[in-house]
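K.L.:
Okay, here's the structure, questions in a sec.
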Amino acid sequence: MKQHKRFTLFFVCVLFLLSHSLSAQSTIGKEFIVGFMENNRKANQPDKAVIVITANEAASGAISYQGQTIPFTLTKGQSIVQEFVSTSQDVIHRDSEVVESKSISISSSGNVSVYAYNSRQNSSDATLVLPLNALGDEYFVTAHFSPLAAGPDNSESTMLVIATEDNTQVQITPTQSTFKGNPAGAPLKVAWVS
């Protein structure tokens with residue numbers, strides 16, 4: 001009887017792990033879009049945005065931003081690192097409640113993974129970028145709020161919304177007043193038009 005319970009427990013655990021692994025989102029794809037938010041910019045500390053693309057198979061493609069294109073060709077397991085220094089190629093979103101064209105698109109002929117980070121002296125932020133086919137259309141943002149009185153390095157929360165298609169409309173309903181005074185609970189509607 002004891003062995004039967006162990007087998008049943010083992011079987012249930014295996015089923016749980018299999019069902020969990022089958023439902024996990026893949027970070028491997030051929031089309032990506034990413035944006036960068038400000039990272040506590042300081043006048044004497046230039047910041048930069050960095051894209052790292054790693055090939056899961058032989059791939060060629062392009063990194064596109066602000067009307068510019070950077071081609072790449074990779075063999076399986078090879079990576080490319082592309083830096084965008086703010087003093088010459090500022091792709092970092094620095095304003096609030098403003099539509100800007102600062103996103104970076106990555107397209108590839110083969111499957112790749114994309115990792116993105118921004119950094120400056122003593123600070124960095126990073127993310128693993130999901131491919132376009134893994135994105136949804138409804139999100140819930142969890143965030144903190146610290147009054148500006150707490151100091152310049154501990155201020156309001158931010159989020160960045162990127163349109164993956166022209167004529168995209170987004171509705172944001174904040175639970176707190178926004179930095180530019182949009183009241184809590186009042187929907188903020190944003191449209192991207194090409």
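The values are calculated or read from the model by the stated rules, or taken from the named source; none is laboratory data. If you're wondering where the values come from, they're calculated on a predicted model, not measured in any experiment. So basically every Cβ, Gly included, is an ideal-geometry build from the backbone, and we count neighbours across all protein chains shown. SASA here: full protein model, heavy atoms, side chains in, ligands and nucleic acids out. Shrake-Rupley method; radii C 1.70, N 1.55, O 1.52, S 1.80 Å.
K.L.:
For a quick check of your reading of the model, give me the residue pairs whose first member lies in segment 123-149 and is open to solvent by 100 Å² or more (accessible area, probe 1.4 Å), whose second is part of a loop (DSSP other than H, G, I, E, B) and modelled with pLDDT under 80, with beta-carbon atoms closer than 8 Å and at least 6 apart or on different chains.
P.N.:
Between residues of segment 123-149 that are open to solvent by 100 Å² or more (accessible area, probe 1.4 Å) and residues that are part of a loop (DSSP other than H, G, I, E, B) and modelled with pLDDT under 80, the close pairs are HIS144/SER157; PHE145/GLU156; PHE145/SER157; LEU148/SER155; LEU148/GLU156.
K.L.:
Take the residues in segment 36-74 that are in a loop (DSSP other than H, G, I, E, B) and among the charged types (D, E, K, R), then tell me which one is nearest to ILE104 (Cα to Cα). Please lay out each step first, then the result.
P.N.:
Within segment 36-74, the first condition is being in a loop (DSSP other than H, G, I, E, B), and the residues that meet it are 38-41, 43-44, 46-47, 56-58, 66-67.
Filter again for among the charged types (D, E, K, R), leaving 38, 41, 47, 57.
Details: GLU38: 15, ARG41: 20, ASP47: 17, GLU57: 22 Å.
So, considering only residues that are in a loop (DSSP other than H, G, I, E, B) and among the charged types (D, E, K, R), the one nearest to ILE104 (Cα to Cα) is GLU38.
K.L.:
Just the residues that are under 26 Å from ALA134 (Cα atoms) and among the β-branched types (Val, Ile, Thr), please, taken from segment 164-189.
P.N.:
THR164, THR168, VAL170, ILE172, THR173, listed by residue number.
K.L.:
Which one is nearest to SER60 (Cα to Cα), of the residues in segment 75-108 that are open to solvent by 70 Å² or more (accessible area, probe 1.4 Å) and either in a strand (DSSP E or B) or free of Cβ contacts under 8 Å to residues at least 24 places away in the same chain (or both)?
P.N.:
Initial filter on segment 75-108 (open to solvent by 70 Å² or more (accessible area, probe 1.4 Å)): 75-76, 78, 81, 83, 87-88, 95, 97, 99, 101.
In the following step, the residues that additionally are either in a strand (DSSP E or B) or free of Cβ contacts under 8 Å to residues at least 24 places away in the same chain (or both) were identified as 75-76, 81, 83, 88, 95.
Numbers: THR75: 9, LYS76: 11, VAL81: 14, GLU83: 18, SER88: 26, ASP95: 34 Å.
Step by step, filter segment 75-108, then rank; the result is THR75.
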